[in-house]
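Take a look at the structure set out below.
The values are calculated or read from the model by the stated rules, or taken from the named source; none is laboratory data. What you see is a predicted model; the values in this text were computed from it and never measured. Cβ coordinates were reconstructed from backbone atoms using ideal geometry, including for glycine residues, and neighbour counts include every protein chain displayed. With ligands, DNA and RNA removed, areas are computed over all heavy atoms of the protein, side chains included. Shrake-Rupley method; radii C 1.70, N 1.55, O 1.52, S 1.80 Å.
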Amino acid sequence: MPDVRGLKWLFFDVGDTLVDEWEPVDDIIGQFVREACALGYPVQIETVREIFVTCYRNYEPWPMKVAIRTLISDEQHREQIQAKLKFRKELEQPYACAGSVLKSLSRYYRIGIIANQSPGTEERLERYGLRKYVNVLACSAEEGVSKPDRELYAVALKQAGCKAEEAVMIGDRIDNDIVPAKKLGMRTIRILQGYGRFQPELEDQDHPDWTVDNLEQLLPLLLPDQD
């Protein structure tokens, strides 16, 4: 089992870590397919999903832009479609076990958030029943800096009053969650959820200290009183 001695803080990403973004992502893919078909492009949803997977495998940061560029030939049509697409955050839902996992972990650790999120993260976490377990929030919309910029991590560590070696970062993406946290000296846990699970580990970068398939697997990993 991993040595968790000295760990005081657990920092979580939000999207596809605590909150399931599959439905809103698939919804916006569906929006694109409908708009494309209306303009005469025979786009299928499976094709767009495959493009998203390929983009994550290639560390392409804007998969929807790639899909539009790949499947829509006319520039005016591209702009028309892009303008109509809307990411519906109201379709997000916390993973079913998120509350119980945070409750268990909060008995032993302080909990923080380091996430690229649109405004209103605190209110959304409150609505999901997760805010009460969170001691520090460092989110891009409010802090004015986004991952993978290590400054967002530095902000969170400063707010928490903890050293990097006393913290672990838990997230789904190698580029945004694992690499910058490791460079600061934090330990890291990759969680294989959402499209982030398709990102390959980078040979020239530090690898996550641990990898889990879901939130529940954090408990035997991190709870000190379990074998």
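The figures follow:
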item: The stretch 108-167, accessible area per residue, ligands and nucleic acids excluded (1.4 Å, Å²); result: 49
item: Rounded tilt (10° steps) of 150-160 against the dominant C-alpha axis of the chain; result: 40
item: Fraction of antiparallel bridges per DSSP, the chain only, in percent to nearest 5; result: 10
item: Orientation-averaged projected area, Cα convex hull of the chain (nm²); result: 12.8
item: Debye equation applied to the C-alpha atoms of the stretch 92-227, log10 I(q)/I(0) at 0.13, 0.19, 0.22 Å⁻¹; result: -0.54, -1.27, -1.73
item: Integer Hz, Karplus 6.51/-1.76/1.60 couplings in order for the stretch 213-223, x for Gly and Pro; result: 8, 7, 4, 4, 6, 5, 5, x, 6, 10, 6
item: Partners for K84 among lysines (Cα-Cα distance below 23 Å; same-chain residues under 8 apart left out); result: K65
item: Mean ellipticity per residue at 222 nm, deg cm²/dmol - from DSSP H runs of n ≥ 4 across the chain, formula -39500 (n - 2.57); result: -11500 deg cm²/dmol
item: Under 27 Å from the Cα of K103 - lysines, other chains or at least 8 residues apart; result: K8, K89, K132, K147, K158, K163, K182
item: Residues listed by number, the stretch 70-98, amide nitrogen under 20 Å from S118 label point at 7 Å toward C-beta; result: 79-95
item: DSSP-loop trypsin sites (Lys or Arg not before Pro) across the stretch 11-118, with at most 14 other Cβ within 10 angstrom; result: K86, R88, R107
item: Length released on extending from K89 to E142, taking residue separation times 0.36 nm less the Cα-Cα span; result: 17.4 nm
item: Whole-percent carbon and sulfur share, accessible surface of the chain, 1.4 Å; result: 46
item: For the stretch 1-98: accessible area per residue (Å², 1.4 Å); result: 54
item: Karplus 3J(HN,Hα) series, Hz, for the stretch 36-48 with 6.51 cos²θ - 1.76 cosθ + 1.60 (x for Gly, Pro); result: 5, 5, 5, 9, x, 9, x, 7, 10, 4, 5, 5, 5
item: Computed over the stretch 65-105, Kirkwood Rh from alpha-carbon pairs, angstrom; result: 13.3
item: Computed E for L219/R69 - FRET, C-beta separation, R0 30 angstrom, nearest 0.05; result: 0.10
